[in-house]
Amino acid sequence: MVYVDHDAIVLAHSRALLTETPDTRVMLGDFRSPQSILDSATVQEFLDWSRPVGLLLVGLVHHIADAEDPAALVRTYVDRLPAGSYLLLSHFSDASPEARALEQAFQQMLGSGRMRSPKEIEGFFDGLELVDPGVVPVVSWRPEEAVPEPSTPSTLLVYGGLGKRSGAG
């Protein structure tokens, strides 16, 4: 496992927590600079690129503005994954009026944050085989217990999915 974060404080904290975990590395990097992450010695030497890799983009892509072309950034990472690899992605969704109203609050609190439609979120999986149930509210992704109906704004806030890369990698 290679954790990448752009915050040096998070990096230091992660390294302290993972000092006795030989199968994990932590590195400083910016998601918006995929080549510097993918071509880094940490990633190239530590991960076995002859086997499938899991790319986890959890709570990240919604912080990338449209002008930064998040779909192209995700595609750059996915295109480098070996065949059989998976992309797990979660994202704030505008699936409810309440969620849409939160977008401005997130931007003010966090300095970033973009709600996207379920269809836009599904677009990040273009070219991948979506694993059932597809891109859905994360609370509905294979829950152990029944999800209460009707859906509430909080259950519609975060959508996610899992996609598999097939073919040549």
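Overview of values
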| item | result |
| --- | --- |
| Length released on extending from Leu28 to Ala71, taking residue separation times 0.36 nm less the Cα-Cα span | 13.3 nm |
| GNM top mover of Val78, Val158, Val147 - the chain, alpha-carbon springs below 10 Å | Val147 |
| Region 4-54 and region 76-138: distance between their alpha carbon centers, rounded to Å | 22 Å |
| Where region 73-169 is the region considered: accessible area per residue in Å², 1.4 Å probe | 53 Å² |
| Longest site-free stretch - the chain; sites: GluC sites (Glu not before Pro), DSSP loop, at most 10 other Cβ within 10 Å | 21-143 |
| GNM result for the chain, Cα springs below 10 Å: residue of Tyr77, Tyr86, Tyr159 fluctuating most strongly | Tyr77 |
| Per residue solvent-accessible surface (Å²) - region 1-64, probe of 1.4 Å | 64 Å² |
| Most mobile of Pro52, Pro133, Pro22 in a GNM of the chain (Cα contacts under 10 Å) | Pro22 |
| Protein accessible area in the chain, 1.4 Å probe - carbon and sulfur % | 55 percent |
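The values are calculated or read from the model by the stated rules, or taken from the named source; none is laboratory data. Predicted, not measured: the structure shown is a model, and the values here were computed from it. Neighbour counts are summed over all protein chains in view; Cβ atoms, including those assigned to glycine, are modelled from backbone coordinates with ideal geometry. All accessible areas refer to the heavy atoms of the entire protein, side chains included, with ligands and DNA or RNA removed. Shrake-Rupley method; radii C 1.70, N 1.55, O 1.52, S 1.80 Å.
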